[in-house]
Amino acid sequence: MVHKLMADGKKIMDQTILEAKNLCVERAGTRLLDVPHLEIDEGEVLSLIGPNGAGKTTLLATLCHLFKYFSGTIVFKEKEVDNELAAGEYRKKVAMVFQEPLLFNATVFENVAAGLRFRNIGRQEIKKSVEENLERFGIGHLGNRSARTLSGGEAQRTSLARAFAIKPDILFLDEPFSSLDPPTRESLIDDLERILKNSGTTTIFATHDRIEALRLSDRIAVMNRGRILQIGAPDDVMNHPADEFVASFVGVETILKGKVTGKKTGIVMVSVSGREVAVIGDYGVGESLILCIRPENVTLSTNPSETATSARNIFPGTIGRIVPMGLFQKVELDCGFPLVAYITHDSLKALSLCEGADVSASFKATAIHVVRK
């Protein structure tokens, strides 16, 4: 993005461009959205992730001021929308791209020009902006094509070009890649990543795909049932989930419940299904904890005595299931408690692993994220 950098390369966020206070949406007595406070910094990309029905689209539409009926306050560049700034004027400064492209029955050029015409931009400036954005999204050759003849990827590129053509202060994206096939989605994400980096456009992006969020985001907000459960830098959210739900959604495959049975300096022993797990931290004896272990932090071996490891936690286990996951294999283990590991195809072959085989599983005490119950 276009944030300033400190000497160590870390971003310095610019001033707040959008602030929401006490946002609430209710329909038929059901609360669909409940966000006490949210700030978006100028130039950042914030991803909203969560399952279907989590409230991502509702939050986007509310922030974009597409919903008439909601309570709370939206402040754009220090002006309260509907009070100090008319909602219509605010909407002219933002753009939203939906999951399904909403295109007019006209040419690609006319579709990309639509937002500019609504804003009474001059003909020459429209031509220049449309042509620039058609090229930006790799569809310059489609300008005279009817929008009805476009493929899904071409249609979504047209929608994005239309949004960027107006140079929005904030871009709202509602799962724009979810209906595309994998090669098309990958190509479009590559282009969007480059364009966001070059343009510095403030973006709020809803997705259920955590990989998309990791690639594009400065911050990630995990949502469920209309609430933001955790918000922070991608690494913090992925590796230090706030609760059991967040952990399960961001890819923590092993979530164990246990009780502290003993402690040494900086380390406690947690009983999980009768097994003792070493955990870094200072917790009281008898305290109930939830242990979160990411699968990439678990190492498998068939000859543990011959394998050098600094891991404090080493458990014998039996492979219950091996699940192909594209670039890696997910190995589900029974170690007296369930444990999941990710390994490469080469490692699977080298270790001659198969369902029912006995292995040794290890993970470091520092690799466990603890959530207090």
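What order, most packed first, do the peptides 62-71, 292-301 have when packing is the mean number of other Cβ atoms within 10 Å of each residue?
292-301, 62-71
Under the Karplus relation 6.51 cos²θ - 1.76 cosθ + 1.60, θ = phi - 60°, what is the ordered set of whole-Hz ³J(HN,Hα) values for segment 18-27, x standing for Gly and Pro?
Along segment 18-27, the couplings run 9, 9, 10, 10, 6, 6, 8, 10, 10, 9 Hz.
What GluC sites (Glu not before Pro) in segment 68-122 are in a loop by DSSP, with at most 15 other Cβ atoms within 10 Å of the Cβ?
Answer by residue number: E78, E84.
Non-local amide H neighbours of M223 (under 5 Å, H modeled in plane, Pro and chain starts lacking H): which ones?
HN-HN under 5 Å from M223: I49, G50, L229.
Taking amide H atoms as placed 1.01 Å from N in the peptide plane, list the residues 5 or more away in sequence, or in a different chain, whose amide H sits under 5 Å from that of L18.
I40, K77
Pull up the cross-link candidates among the lysines for K93, meaning alpha carbon to alpha carbon under 17 Å and not fewer than 8 places away within one chain.
Once the sequence-local lysines are set aside, what remains near K93 is K77, K79, K167.
From the backbone phi of segment 324-338, what are the Karplus-calculated ³J(HN,Hα) couplings (6.51 cos²θ - 1.76 cosθ + 1.60, θ = phi - 60°) in whole Hz, Gly and Pro given as x?
Going residue by residue, I get x, 10, x, 7, 8, 10, 9, 10, 9, 10, 10, 10, x, 9, x Hz, with x marking Gly and Pro.
Within the set K257/K330; K259/K349; K264/K373; K56/K92, which residue pairs have Cα atoms separated by over 28 Å?
Long pairs (Cα-Cα over 28 Å): K259/K349.
Output ³J(HN,Hα) for segment 199-213: one whole-Hz value per residue in order, computed from phi by the Karplus curve 6.51 cos²θ - 1.76 cosθ + 1.60 with θ = phi - 60°, and x for Gly and Pro.
Per-residue couplings from phi come out as 8, x, 6, 4, 9, 10, 10, 8, 7, 9, 9, 5, 5, 4, 4 Hz.
Restricting to Cα pairs below 8 Å that are 6+ residues apart, what does the relative contact order work out to for segment 254-372? Please round to a whole percent. Please list the in-between numbers first.
Numbers: 260 pairs, mean separation 35.8, N = 119.
After rounding, I find 30 percent.
Coordinate-derived values only; no laboratory data. This structure is a prediction, so every number in the text was calculated from the model and none was measured. When we count neighbours, we look across all protein chains shown, and the Cβ atoms used for this are built from the backbone with ideal geometry, even at glycine.
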